[in-house]
């Protein structure tokens with residue numbers, strides 16, 4: 001494992017569809033300043049920087065050097081990470097490795113994206129086979145629609161089940177001042193009423209059956225930053241550090257025709273690894289909160305099963321029983337999740353940061369009611385890969 005390490009600071013910007021008031025470098029600097037202030041540190045206290053975004057979206061070359069005035073990386077070791085949708089979680093894992101290796105005591109991890117200045121679809125389609133997949137599967141919506149349809153076919157799930165995930169995310173987002181989508185018309189309304197309203201709405205257009213507008217994540221401008229510190233240093237910075245218990249990532253590349261649509265194999269494997277490392281045998285009972293990377297609603301059903309929170313086909317029942325609501329046994333995405341804010345390069349690091357502040361009891365209006373001793377954060381990327389980070393209040397053994 002190397003040295004023990006913990007998260008001691010977290011900062012993020014308010015998500016929005018467009019931040020025309022700042023450059024990308026200035027956006028990064030907002031998050032860095034917020035993280036440093038949260039930890040009570042200055043940039044001179046930082047030994048190294050890890051930064052990531054989907055740099056081919058914005059068309060910025062050498063992001064690690066281009067951003068140094070915003071990141072604070074001038075004359076410091078800077079490491080760039082880009083792994084698609086998992087970029088943010090991969091940045092966090094890399095920063096953890098920097099500290100756990102013993103080479104650095106305090107490392108700043110940064111994720112960012114200005115989707116308003118990017119060509120997302122033009123970049124994403126290069127991941128697909130030009131003959132077999134691009135005509136009908138390229139981009140996010142086509143593949144996810146097939147994924148959702150297969151889940152509905154195998155387990156009898158319905159559009160209402162997908163809408164129930166959306167309602168949970170939107171209601172949770174109303175407690176998060178940083179969330180991009182703030183749908184005030186939902187505030188105070190019954191979840192069943194909201195589900196029926198989404199399914200019946202003529203304005204909630206079908207994009208590719210069964211996915212509607214409400215089933216998908218937005219395109220967001222935002223940045224986020226974390227500070228990792230080594231044991232012996234972390235305790236001096238944070239009253240309650242969020243200790244890294246285990247990390248794992250699993251990568252794969254599959255043709256959609258070869259994919260096992262009944263499961264997310266990379267997430268399944270990564271989750272099994274972190275649970276084994278941390279000694280967790282009953283995830284639903286032992287994990288207190290989960291920031292799950294959900295780019296669309298139906299993943300909130302199937303991926304609960306892949307992680308092992310329930311058995312195959314049991315995701316909808318877990319959802320309708322309220323287990324994943326703010327006051328449930330396992331609150332999922334108290335922040336509102338990816339479906340409420342999706343600055344792609346920062347999306348995963350926000351999952352890690354939101355999990356950390358639940359342990360540190362700094363989540364404010366989105367703090368879950370019970371004490372959080374174990375928190376989980378995941379990342380997901382196209383072509384199927386997964387990152388998982390498990391955080392705890394107690395140091396790992």
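Tabulated results
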read-out: Normalised alpha carbon radius of gyration of segment 137-201 [divisor 2.2 N^0.38 Å]; value: 1.29
read-out: Segment 269-332: Rg to Rh, with Rh as the Kirkwood radius over Cα pairs; value: 0.94
read-out: For peptides 87-100, 324-337, sequence by mean Cβ density within 10 Å, most packed first; value: 87-100, 324-337
read-out: Cα-only radius of gyration and Dmax that characterise segment 241-397, units Å; value: 14.5, 45
read-out: Centre separation in Å (Cα based) which lies between segment 324-397 and segment 249-297; value: 14
read-out: For peptides 102-113, 9-20, sequence by mean Cβ density within 10 Å, most packed first; value: 102-113, 9-20
read-out: Spatial separation of Cα centroids for segment 141-168 and segment 15-31, in angstrom; value: 33
read-out: Mean Cβ neighbour count within 10 Å, used as a protection proxy, ranking 310-323, 156-169, 343-356, 190-203 highest first; value: 343-356, 156-169, 310-323, 190-203
read-out: Semi-axes of the equivalent ellipsoid for segment 188-268, Cα gyration tensor, largest first, Å; value: 38, 25, 13
read-out: Segment 176-198 versus segment 40-107: alpha-carbon centroid distance in Å; value: 35
read-out: At 0.692 mPa s and 37 °C, Stokes diffusion of the chain via Kirkwood alpha-carbon radius, µm² per second; value: 159
read-out: Three-way shape call for segment 68-195 based on the alpha-carbon gyration tensor, with the a/c threshold at 1.5; value: oblate
read-out: Computed [θ] at 222 nm, helices only, for the chain once each DSSP H run of length n ≥ 4 contributes -39500 (n - 2.57); value: -10500 deg cm²/dmol
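Values in this text are rule-based calculations from the coordinates and carry no lab data. As the structure is a computational prediction, the values presented were derived from the model and not from experiment. Using ideal geometry, Cβ is built from the backbone for each residue, glycine included, and neighbour counts are taken over all protein chains shown.
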